[in-house]
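Each remark here refers to the structure printed beneath this line.
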Amino acid sequence: MPGNKSALIQKIASQACVTFANSSSAIGDNNAFLEQQARLVSMLSDIRAADLKIAPPKQVSISSPQSSAVPPVTYMHICENDLFSMGVFLLKPGTSIPLHDHPGMNGMLKVLYGKVNIRCYDKLDKAVGAESETERQFEPPQMPFQGDDVRRAVLRSSGEFSEQSGPCILSPLKDNLHEIDAVDGPAAFLDILAPPYDPDDGRDCHYYKVLQTAGKKSEQSGEDETWVLEIPQPDDFWCGGEPYPGPKVSV
């Protein structure tokens, strides 16, 4: 049957449509969503760079500072609809995607080549006002106007992922903030976000930096608390685009 010859990436896109068809259920932990999510995770575990007709660069520049004209990260757009977006991020050696969030979104990341280190955080509460932080000292000290941009968080997980690893999963409430560093060379990963970023619908990307470890356990998770400050997009990070060379995907 022709359908049996469908490219794996098309099957992944079709399963993503089923998985995220009910966005309200995707936020919860109901069994129907978890069953469909497990199917999608299984498919993602099998995807390889060759399936998308991409490969690590044959020559990697060892010149240290990146040229200001060369983006440290590029993105290959594969497909997008109201339910999800899917594409490939390519990181040059020594580059990072800074700590950022995915408001109200689910996400899946599958490394295609190279290795990345991923640190995932959870926000614990709303912004902490400056008045409640009069006794807390940060290094460097924060300006009074930054009080509303400081949030408590916990480091949920930290580890290396390679093409042999399963997908890294985030949800609206768990592992929603993460930063991604290329390790020992270039790296690429397939990325699914559901629903897609949409600033007009409250899903804009915000960037953060870690201020310090608070030195106490979170009452919510029992893990070590830290503090993060919302910041503008870092000057040394931006994302360019390049064409996706793999099988055509329709959603």
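Quick one: which residues, 5+ away or cross-chain, put their amide H under 5 Å from the amide H of LEU112? H built at 1.01 Å from N.
ALA188, PHE189, LEU190
Amide H neighbours of ILE231 under 5 Å, at least 5 residues apart or on other chains, H built in the peptide plane: list them.
TYR207, TYR208, LYS209
Using a 1.4 Å probe over the heavy atoms of the protein chains, calculate the carbon and sulfur portion of the accessible area of the range 144-195 as a whole percent.
On the way: 1050 of 2160 Å².
C and S fraction of accessible area: 49 percent.
The values are calculated or read from the model by the stated rules, or taken from the named source; none is laboratory data. These figures come from a predicted structure and were not determined experimentally. All accessible areas refer to the heavy atoms of the entire protein, side chains included, with ligands and DNA or RNA removed. Shrake-Rupley method; radii C 1.70, N 1.55, O 1.52, S 1.80 Å.
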